1. So which residues in the range 38-48 are exposed (fewer than 15 other Cβ atoms within 10 Å of the Cβ) and either of a type outside the set (A, V, I, L, M) or not assigned by the TED database to the domain that holds N100 (or both)?
2. Read through the list (1) more than 30 Å from F176 (Cα to Cα); (2) of a type in the set (A, V, I, L, M); (3) in contact (Cβ under 8 Å) with a residue 24 or more places away in the chain, then give the number of the only condition that L137 fails.
3. Residue by residue through the range 168-211, note down the ones that are crowded, with 17+ Cβ neighbours inside 10 Å, of a type in the set (A, V, I, L, M) and more than 12 Å from S283 (Cβ to Cβ).
4. Just for strands (runs of 3 or more DSSP E) wholly inside the range 25-77: which have at least 3 residues that are at pLDDT 95 or above?
5. Which residues, taken from the range 218-262, are polar (S, T, N, Q) and either over 29 Å from the mean Cα position of the chain (by Cα) or not assigned by the TED database to the domain that holds I184 (or both)?
6. Out of V190, V164, V175, I need the residue that is assigned to a strand (DSSP E or B) and within 19 Å of A257 (Cα to Cα). Which one?
7. Quick one: which of C120, C153 is touching a strand residue (DSSP E or B) at 6+ places or on another chain (Cβ under 7 Å), under 30 Å from F75 (Cβ atoms) and part of a loop (DSSP other than H, G, I, E, B)?
8. For the range 102-121, what are the residues that are modelled with pLDDT under 95, surrounded by fewer than 21 Cβ atoms within 10 Å (Cβ to Cβ) and either basic (K, R) or farther than 13 Å from D42 by Cβ (or both)?
Amino acid sequence: MYSTWLTFPHIMLVCTVTLHKEASSSRSLQRDSRFRFAHFIDHLFHILDVPELESIHVKDRRVCLLYCLRDKRCFSTNLAAKPDINGNYVCELLPTDKYNASDSFKPSQHFNHYSAKTPCLSNPCQNNGSCRALYYLEHFWCECLPNYSGRYCEKWLVELPYNVCMYGLSDRPGVFYTPLAGKIYFIRLVHISGSVGCGIRQKANWGCHSNIGTILTDKDKNVVYPEDQRAHAYKLFGFSKDSPELMLKFTTPLVVAAGQEYQVWFLEDLTDIYEGNNNPGPSCMEVIYLFSL
């Protein structure tokens, strides 16, 4: 036996083989061998213009949605806004929805569209990301535009519009400023030109011997990276003193203010130890970081 509940302007349908099974209000779509439930949202005078699974004629929208619920391939429907001369409505069963095929969702004078309720209704994806519904998990994922990432596309890559150059001696770090207040998750330093070194003839991008000697500080020379906040040579897995770039990852995001100054130092110049014979440099780089507000 099947039972049906209707609420307006939304429609809730519950199909079960018994009269005793109750639907959980936390779920919007469930189909299994014993129990079927869906909560559909109406989008009046819109159509999802995709190839249909099946096109049928029905007496009303309730019957159209029941057909969709019974077909495990169906996730939304287009229903004619007006009946034909026999009082029937064209009902199109669709294999996708307005979130997973958003480019095909269009205004229409002739159809209304019905899709299963999803967390995408709250527009959780930021920075023009596209929400993709995962109905059976009661979840979603965000498809982000290039250079954006994160669960909600809330993180993006900031590429500073100028190069930063650190020197090997004479207290001359490379300086950059963070344009916005927020959080930094990692900083990429991409070598552009030049070199530094622990000897006048040594040439490297980031350090000397087998170590990295590139130190990130604030404007007062307080060490920000390495994360132990000590000025020392260090190893960085996957990178060397001659790597084309460095990736400085923060275990806890670095909280920054708008206009905050940061400095990129060659270790011996920062500590004023053994810098007299250094390659004076500079080693110039591009600064790119992953950021969120």
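1. Pass one, the range 38-48, residues exposed (fewer than 15 other Cβ atoms within 10 Å of the Cβ): 44-45.
F45, the sole residue that qualifies.
2. Here L137 clears every test but (3).
3. Selection gives L169, I184, I187.
4. Values: elements: 29-31, 35-43, 46-48, 54-58.
By residue number, 46-48, 54-58.
5. Let us first name the residues in the range 218-262 that are polar (S, T, N, Q), namely 222, 229, 240, 243, 251-252, 260.
Across the range 218-262, the qualifying residues are N222, Q229, S240.
6. On the way: V190 fails: within 19 Å of A257 (Cα to Cα); V164 fails: within 19 Å of A257 (Cα to Cα).
Result: V175 is the single residue among V190, V164, V175 that is assigned to a strand (DSSP E or B) and within 19 Å of A257 (Cα to Cα).
7. Values: C120 fails: part of a loop (DSSP other than H, G, I, E, B).
Result of the check over C120, C153: C153.
8. S102, D103, K117, P119
The values are calculated or read from the model by the stated rules, or taken from the named source; none is laboratory data. Here the structure is a predicted model, which means the values were calculated and not measured. Heads up, the Cβs are rebuilt from the backbone with ideal geometry, glycines too, and the neighbour counts pull from every protein chain shown.
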